[in-house]
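Structure first, commentary second.
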Amino acid sequence: MGKGVVDILAERGKLDAAAVARVRGVQGSSGERAAAIVTRLGLAGEGDVAAALAAELGITVVAPEDYPGRPVLADKVTESFLRKARVLPLSNSGPRLTLAMVDPHDRTAIEALQALVGKPIAPRVAVAAELEAALDRLYGTRRPGEGLGRIAGAFDRLEHALGRDDKERQRADVERVREAGADAPAIQAVQALVARALAARASDIHIEPGADRLSVRLRVDGVLGEIDPPAAALHGAIVGRIKVLARLDVAERRLPQDGRARFIVGGREVDVRVSIMPSVHGESVALRLLDRAQAPLALDRLGFSSATLDGLARALIRPNGLVLVTGPTGSGKTTTLYAALGQLAAPERKIVSVEDPVEYQVPDITQIQVKPEIGLGFPVVLRSVLRHDPDVIMVGEIRDSETAQIAIQAALTGHLVLATLHTNSATGSIARLLDMGVPGYLVTATLGAVLGQRLVRRLCPSCSQPMEAPPGLLERLGLSGERHGLRRPVGCKACAGTGYAGRVAIGELLALTPGLQQLVVEGKDAATLHAAACAGGMRDLRAEGLTLALAGATSLEEVLRVTNPI
């Protein structure tokens, strides 16, 4: 007898011994197939499970480009059957019907289609999210409540088989299977929205009620785009479901609420920051997706220029001082700080972070989640942290005067302090600290470096095309006479028609030279400081962005959209 899915996943390092035991325990009680249990419990990704199924059965996995451009057997097979069976015909032109299947062990679906077309079936393994995306493209977006109802009966059998005296982990496993199999429209609508956002590489979901319709928008690569929404009648139930998951007050509709929820989508654990805000037509919801499978990147993989990285490295090796990362919301500040912490982490250093929220867990670092509702705010936690004698302290965000004063004092007393600050430029952070009541002489004494950053979209490598710069544009940007490889976005299937795929960071690094320190003490404004810093060799955000554009990594219009001249 050949190896099963669980054995193959274990051999490939996708399941440890404890995970194998969990799957065996649930499978023995419920009779469900191992592949489905692994996915629903979030123990391995859909792609890994599909590859293991293919290896078990000696067949191949369907690639995204293998799905047909128009429905096959549209006149014989209904959409509802395809969605319930989680299958999709790929080709009917040969002696066999080639069929994409999430579960190629499903003999019922195979026999039904074989009887329908009168020819043998050649099954191929489909990644569930890719098959569902193909169904949505071919037949339209799935309606809430469709697709997972067939699992509900399996939950009942599983819960009955486990009984009351099983271990707590098995109870938790049961609950996850319940979530996967639930057929309530609101539950399905929320799960489908998160799954679609992940498939689109979105960072945020915005659910906004209007006078007569519900609007849903996804932020992909920093740009919002609208998608087909659930029925407006489901709005209240969707908000209620999100509140339940985030442990918020379901009855409170007058005040803003913030919380956190966790989803398992396609075998991946996804943390979601939830913000709910009352509006004229009902409660508006903003969801920030934090994919736990995406570990923080190293500093040298974020896209910064070598000069910026070198300057930042010099600031990070100092034993004390304040290093700030600035920029608006969504500019990648926290990601940069996590990358810096990963570079600093070592057995000889005690590193403590104070965050709201803790977005990613980093090994060898003590991470603290602030809870203002119980009086555990940044100032209270920072005072306690200082008594633990840390070498490095990360402050998720300096939001007020008290936090700024404590961070400055910590930097003065032998600690390296890393923090974020919401300003539009590196030099703007100095004005912000002064506004918070930090004296100029303390700013100059402690501030080691300020990294102002933005994220610009990368051109899609599949469809971008060379271009000539509009007449006079390079001269206006100060780039006349420079050789360039300018490219423009076009749009294709690979980038969903946007012309862009992914983002890269650009940064301006401000180091306080003696001349700049004097200007700070004199109280000069941000524009004066910026001009002096650039005269002293600082490359600002626009200059860094234009360098990327000249190299063909992004477009001129994207750089001009994201950066503003001071």
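Some notes on this structure:
- Selection within region 229-265: residues that are of a type in the set (K, R) and loosely packed, with under 14 Cβ neighbours inside 10 Å. The member of this set that is farthest from D212 (Cα to Cα) is R262.
- Here G149 meets the list (1) under 30 Å from E65 (Cα atoms); (2) at pLDDT below 60; (3) crowded, with 16+ Cβ neighbours inside 10 Å almost entirely, failing just condition (3).
Here's the yes/no breakdown for (1) in contact with a Gly (Cβ under 8 Å, 6 or more places away or on another chain); (2) of a type outside the set (A, V, I, L, M); (3) open to solvent by less than 10 Å² (accessible area, probe 1.4 Å):
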| residue | (1), (2), (3) |
| --- | --- |
| L309 | no, no, no |
| V323 | yes, no, yes |
| G330 | yes, yes, no |
| K333 | yes, yes, no |
| A346 | no, no, no |
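- Among the residues making up region 538-566, those that are more than 22 Å from C495 (Cβ to Cβ) and open to solvent by 60 Å² or more (accessible area, probe 1.4 Å) are R539, T547, N564, P565, I566.
- Of all residues in region 94-126, those satisfying the criterion of being in contact with a Lys or Arg (Cβ under 7 Å, 6 or more places away or on another chain) and either of a type in the set (S, T, Y) or assigned to a helix (DSSP H, G or I) (or both) are T98, L116.
- Unmet criterion (only one of (1) closer than 19 Å to L421 by Cβ; (2) open to solvent by 50 Å² or more (accessible area, probe 1.4 Å)) for F304: (2)
- Residue satisfying condition, being surrounded by 15 or more Cβ atoms within 10 Å (Cβ to Cβ) and either modelled with pLDDT under 90 or among the hydrophobic types (A, V, I, L, M, F, W, C) (or both), within set A295, A340: A340
- Candidate set from region 497-535 (those that are of a type outside the set (S, T, N, Q) and open to solvent by 70 Å² or more (accessible area, probe 1.4 Å)); member that is farthest from the chain's Cα centre (by Cα): E522
- Of all residues in region 52-93, those satisfying the criterion of being in a loop (DSSP other than H, G, I, E, B), open to solvent by less than 70 Å² (accessible area, probe 1.4 Å) and touching a residue at least 24 places away in the same chain (Cβ under 8 Å) are I59, V62, Y67, P68, P71, L73, V77, R86, N92.
- For region 236-256, a residue qualifies if it is out of contact with any helix residue (DSSP H, G or I) (no Cβ under 8 Å at 6 or more places or on another chain) and more than 15 Å from L287 (Cα to Cα), and the qualifying residues are G236, A251, E252, R253, R254, L255.
- Contact map, region 102-125: first residue of a type in the set (S, T, Y) and open to solvent by 60 Å² or more (accessible area, probe 1.4 Å), second residue modelled with pLDDT under 90 and not in a strand (DSSP E or B), Cβ cut-off under 9 Å, separation 6 or more or different chains; pairs are T108/A85.
- Leading residue by the ranking (most open to solvent (accessible area, probe 1.4 Å)) among those in region 362-380 that are out of contact with any strand residue (DSSP E or B) (no Cβ under 9 Å at 6 or more places or on another chain) and outside any loop (DSSP other than H, G, I, E, B): E373
- Residue among A112, A100 that is at pLDDT 90 or above and in contact with a Phe, Trp or Tyr (Cβ under 9 Å, 6 or more places away or on another chain): A100
- Options L289, L337, L324; residue that is in a strand (DSSP E or B) and either closer than 13 Å to L418 by Cβ or touching a His at 6+ places or on another chain (Cβ under 8 Å) (or both): L324
The values are calculated or read from the model by the stated rules, or taken from the named source; none is laboratory data. These figures come from a predicted structure and were not determined experimentally. As a convention, Cβ positions derive from the backbone with ideal geometry for all residues, glycine included, and neighbour counts pool all protein chains shown. Protein only, heavy atoms only, side chains kept; ligands, DNA and RNA dropped before computing areas. Shrake-Rupley method; radii C 1.70, N 1.55, O 1.52, S 1.80 Å.
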